[in-house]
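The values are calculated or read from the model by the stated rules, or taken from the named source; none is laboratory data. Note that the structure is a prediction, hence the values are computed from the model and not measured. As a convention, Cβ positions derive from the backbone with ideal geometry for all residues, glycine included, and neighbour counts pool all protein chains shown. These area figures cover heavy atoms from the full protein model, side chains too; ligands, DNA and RNA do not enter into them. Shrake-Rupley method; radii C 1.70, N 1.55, O 1.52, S 1.80 Å.
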Amino acid sequence: MLSITAKDGTSIFYKDWGSGKPIVFSHGWPLTADAWDAQMLFLGAQGYRVIAHDRRGHGRSDQTWNGNEMDTYANDVATLFEKLDLRDAVFVGHSTGGGEVAHYLGRHGSSRVKKAVLMGAVPPIMLKTAANPEGLEMKVFDDIRRGVVNDRAQYYRDFAVPFYGYNRPNAKPSQGVIESFWLQAMLGGVKAQYDCIKAFSETDFTNDLREIDIPVLLLHGDADQIVPIDDSARKSVKLLRRGTLTVIPGAPHGMATTMADRINEELLEFIKA
């Protein structure tokens, strides 16, 4: 398996397929690089080099006790870009991965990235605070923590249902997709996944978004039950210098899987523009 070694010695797994202009993908919690299979297969076939890593503590990367927070996640991504000497890349992040993209660009700059995509992404900040009164109550995230600690295996099966919008009227649930979500989630380490809840819910990406100087496409479903659009994409686009918001009607949080054809078309159009 391909891997890089982070500055603290952590082994980070990644997939690197095809050749051409690089497109780098960052996955959501609690998944792995495999969540991007539909996009990597499609864009790889279009002549692009497609790369996706398993965040530390997730999937096939080392299960770490420490470092499961956004500064280290961004530093790990910087190491990946440097070790592979990636330039003029398009950096795509979903959910927590969208926070990783924003924080990487805010922390390390855009010298290696030409464009970015934030899909169903957590920025600016998910948690309700005095400065973010529209955010979600801490109880929401405490309940997630409780699910992970008490019965992680069952919690991930249950969480997959709203993640993919399978609890919506007229939805057609795929048992295979639910099982794939569960498998990816269970590959990760419980400590890293537990810590990551704080990282994706409490990190304030406001200053990162203001620092980004490249074109950014925000893709968000208006039926997203995990990261509500009004407290995320609709705010982020106002903070970005060169941001464009595309709302996908009826799309759930996991739209990269359930609406892969539409998402692939949106990505290809933005990449080629």
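Just the accessible area per residue of the chain, please: how many Å² with a 1.4 Å probe?
Working: 11260 Å² over 273 residues.
Ligands and nucleic acids excluded, the figure is 41 Å² per residue.
Heavy-atom surface analysis with a 1.4 Å probe gives the chain a carbon and sulfur content of 50 percent of its accessible area. Assuming charge only on the beta carbon of Lys and Arg (+1) and of Asp and Glu (-1), the dipole of the chain about its Cα centre is about 360 debye to the nearest 20.
If you add up the charges near ALA185, with Lys and Arg at +1 and Asp and Glu at -1, over every other residue whose beta carbon is less than 13 angstrom from its beta carbon, what do you get? Can you show the working numbers first?
Numbers: positive: ARG55, ARG152, ARG157; negative: ASP34, ASP54, ASP151, ASP158, GLU179.
That sum, taken over residues with Cβ under 13 Å, equals -2.
Ordering GLY165, ALA223, LEU268 by Cα displacement along the dipole of the chain toward the positive end leaves LEU268 in first place; charges were set at the Cβ atoms of Lys, Arg (+1) and Asp, Glu (-1). Looking at the square roots a ≥ b ≥ c of the eigenvalues of the Cα gyration tensor of the chain, which shape do they give, rounded for a/c under 1.5, prolate if a/b is larger than b/c, or oblate? It comes out rounded by the Cα gyration axes. Here is how the number arises for the chain: DSSP H runs of 4 or more residues each give -39500 (n - 2.57), the sum is divided by the residue count, and the result at 222 nm is -13500 deg cm²/dmol.
Note the full-extension length gain between ILE214 and ALA273 as 0.36 nm times their separation in residues minus their Cα-Cα distance, in nm to one decimal. Provide the component values of the computation, followed by the final result.
Working: separation 59, 0.36 × 59 = 21.24 nm, distance 1.33 nm.
Stretched fully, the ILE214-ALA273 segment lengthens by 19.9 nm.
Have a look at the DSSP beta bridges in the chain and tell me what percent are antiparallel, nearest 5. Don't skip to the end; give the middle numbers.
Working: 7 of 32 bridges.
Percentage antiparallel, nearest 5: 20.
Report the Cα centroid-to-centroid distance between region 1-66 and region 205-227 in angstrom, as an integer. Taking the Cα centre of region 205-227 as reference, the centre of region 1-66 is 20 Å away.
Please compute the net charge surrounding HIS253, taking Lys and Arg as +1 and Asp and Glu as -1 over other residues with Cβ under 12 Å from its Cβ.
On the way: positive: ARG168; negative: ASP222, ASP224.
Charge balance in the 12 Å sphere: -1.
A straight chain from ALA171 to ASP204 at 0.36 nm per residue would run longer than the Cα-Cα distance by 8.5 nm. Ordering TYR194, GLY176, PRO133 by Cα displacement along the dipole of region 126-230 toward the positive end leaves GLY176 in first place; charges were set at the Cβ atoms of Lys, Arg (+1) and Asp, Glu (-1). Taken along the Cα-to-beta-carbon direction at a fixed 7 Å, the label points for GLN154 and VAL140 span 2.5 nm.
For the chain, the number of Lys pairs separated by eight or more positions or lying on different chains, with C-alpha atoms closer than 19 Å, is 15. Derived scalar couplings between HN and Hα for region 94-99 equal 10, 6, 4, x, x, x Hz in order, rounded to whole Hz, by the Karplus curve 6.51 cos²θ - 1.76 cosθ + 1.60 (θ = phi - 60°), x for Gly and Pro.
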